[in-house]
Structures are given as C-alpha cells and as structure tokens.
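Everything below concerns the one structure shown next.
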Amino acid sequence: MNPQKIYILGIESSCDDTSAAILCNGKVLSNVVASQKIHEQYGGVVPELASRAHQQNIVLVIDQAIKQANIEKKDITAIAFTSGPGLMGSLLVGTSFAKSLSLALDIPLIDVNHMQAHILAHFIEEDEFDKPEFPFLAMTISGGHTQIVKVTDYFDMEIIGETIDDAVGEAFDKSGKILGLPYPGGPLIDKYAQIGNPKAFPFPKPKVGELNFSFSGLKTAVLYFIQKKVKENPNFIEENRNDICASLQYTIINILIDKLKKASKESGIKRIAIGGGVSANSGIRKALKDGEQKYGWKTFVPKFEYTTDNAAMIAIVGHLKYLNKDFTDMNVVAKARMKF
C-alpha cells in the first residue's frame, strides 16, 4: 500500500440508515447506504426496530463498501464512526462495531459528531463542487435538527441559532401526515409544491426572538386549518393538495431564509452553506440561489447524496481528524445528545 494514501472507513448509524464509506485522501471511493423501509408503516422511525435493522445490515454494508472501493481490510488506515447525537440503540450498533474492528485491525479509532459531519460534508473532494472558505454560516436542517452555525475552522463551530421545539424536517413530515401522505412526507410535499400556488393559503410565521426557530405552532396551525376546511368540504385536501403543499413549503422556506438573512447581517458573513436531509428540498435550494442575487451571498449546496445521513460525511471528518492525530480510545461511548 502506498503510505501516502489515507483510507478512512466511515460508519454511520445515528437513525434509520446504515451506511459505510471508504474515502482515500478525502475522495469518495464508496458510499453504501441501506435504508430501513419498515418504519413507513408506522409513520415514523421506531427506535427498537431501527437498532435491530442496523444489526442485520452493518456487516453487509461495510463489506460492500470495502469491495466497491476495491481495497482490502488491511488497507484501511483508520475507522471513523458516529458517536452522536442520534437514537441510542442505533448509535450503539455502529459504536460497538467500530471499536471491535479497530481492535481487530489495530488501527486508530475516530469518533465523529453527526451534526459536524453534515457541515463538513462540504469538504469531500468533488471536482464540480466548491468548498466554502472560512468563516461561513452553515444551516443544518434535518428531521431532528434545525441550527445556524458559525464555522470559523473545521472544528471551531458555534451554534448561533437553533429550534426551541421541533425540527424543520419534523414539521414537513408531520404536516404530510396531516395531509394523509405516507412517511416521510417531506419529499412528497416538495413534489406537490412545485405545481401549486405558494400564496394560496397564508400560514402563520412564529415570532421567535433572535436567531432561534420554532415549528410546533406551525404544525398546530396546519392541523386546525385542515380540520376546519375538511369539515366544510370533505374533499378539500384532494382538491387543493398542490396549493396546500406549496403554501406550507413557502412559509417554512421564508422562516429559514429570514433567520439566515438576520444571521448574515449580524455576523457580516455572506458565505452560506446548508446540510442535512431537508437541504435536498428543491424550494430551499432555489431560495438559497436567489439569495446570491438578492443579498450578495455565496452559497454552497452539497451533492444530493451527501445531504441525507451517509457515511461519506463521517469519513471526511475522520480524514480531517486523522490529519490532526485526533483519535479516541476504547472508553468512548455513544451519546444520544451531543453539542459541538
């Protein structure tokens, strides 16, 4: 093996996707994701079922990642894994496997903060994608998190705004459930919104101080609105689905962009990056691009497959930590809640 080549195995198991990736000097050789379909029938992720599925999938997924990368286990330089935040049972599966493989191969072990990884996914070596220069503002938007983070260096991050209740992804998915859409509802709302009128139905924007977010009131407003309209017309949802989805998405995007505008103005930073599963939303991507014209921003949107939970983003953090010789030991534990 060429000693100049750093092969990082990344393992991600924070929620309901089991993923493994191999990066060589920051470039993706493989990025395998096994999604769990079982949760669809329950309308949300069931933690116990998620951890069992991780146990079933993890060996196969890691084996596939190594084969696709066309390397052998002995070539791996270090193992990076998600230690938190996430579902405790799911995290334990990835953590235990990473520790065991690290011991067996006698190679360094690197623990990774899942939310940092969503931000640092922008530094995966991709020819057609620019990397943000420091400092920049990162908005991490997912099913479990909504944050605005000031990023001064790879591992110098400060949360300057976050949700005080529900995450934006949850607002999308719960609203989808209210509309009778299958789980996860977010991608379907995005799909219907593209052919609807975004100003058909005005939904309230919560008044939350500073740079924080709140989405629980919006979910309640959607519920009461739909209940009232369906009482008047049982076919209301069916007849107005596109417009409801467009109006809801328009409101959520406005909430996010308003906070970003405020954060950019207060910090003087015009480089804006997004990450997390909800950053796959077409409306949010368009709103960011519009911000380049309106507010002079330079925006950074990751490659689609690096937005949702995946191991490539874990591996790039592992690569950066490896360069700093920032390793962990066998005493490391998974944590369901974790700050930067």
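Annotations
- Inter-label distance, K207 to E238: 4.0 nm, where each label sits 7 Å from its Cα along the C-beta direction.
- Fluctuation leader among Q293, Q147, Q64 - the chain, Gaussian network, Cα springs under 10 angstrom: Q293
- Lys pairs under 17 Å by Cα in segment 107-206, provided they are eight or more residues apart or on distinct chains: 5
- Sum of side-chain charges, F123 neighbourhood, beta-carbon under 13 Å (Lys, Arg +1; Asp, Glu -1): -1
- With R₀ fixed at 45 Å, the C-beta to C-beta distance from N197 to Q56 puts the FRET efficiency at about 0.50.
- Residues of segment 122-137 with an amide N closer than 12 Å to a point placed 7 Å from the Cα of N324 along the Cα-to-Cβ direction: none.
- Working from label points 7 Å from Cα in the Cα-to-Cβ sense, the S282 to S35 distance is 1.7 nm.
- Candidates K207, K303, K261, ranked by Gaussian network fluctuation over the chain, Cα under 10 Å, top entry: K207
- FRET efficiency for K231 and S267, using Cβ-Cβ distance with R0 set to 56 Å, rounded to 0.05: 0.75
Computed from the coordinates by the stated procedures, all read-outs in this text should not be read as laboratory data. All values derive from a computational prediction rather than experimental measurement. Backbone-built Cβ (ideal geometry, glycine too); neighbour counts: all protein chains shown.
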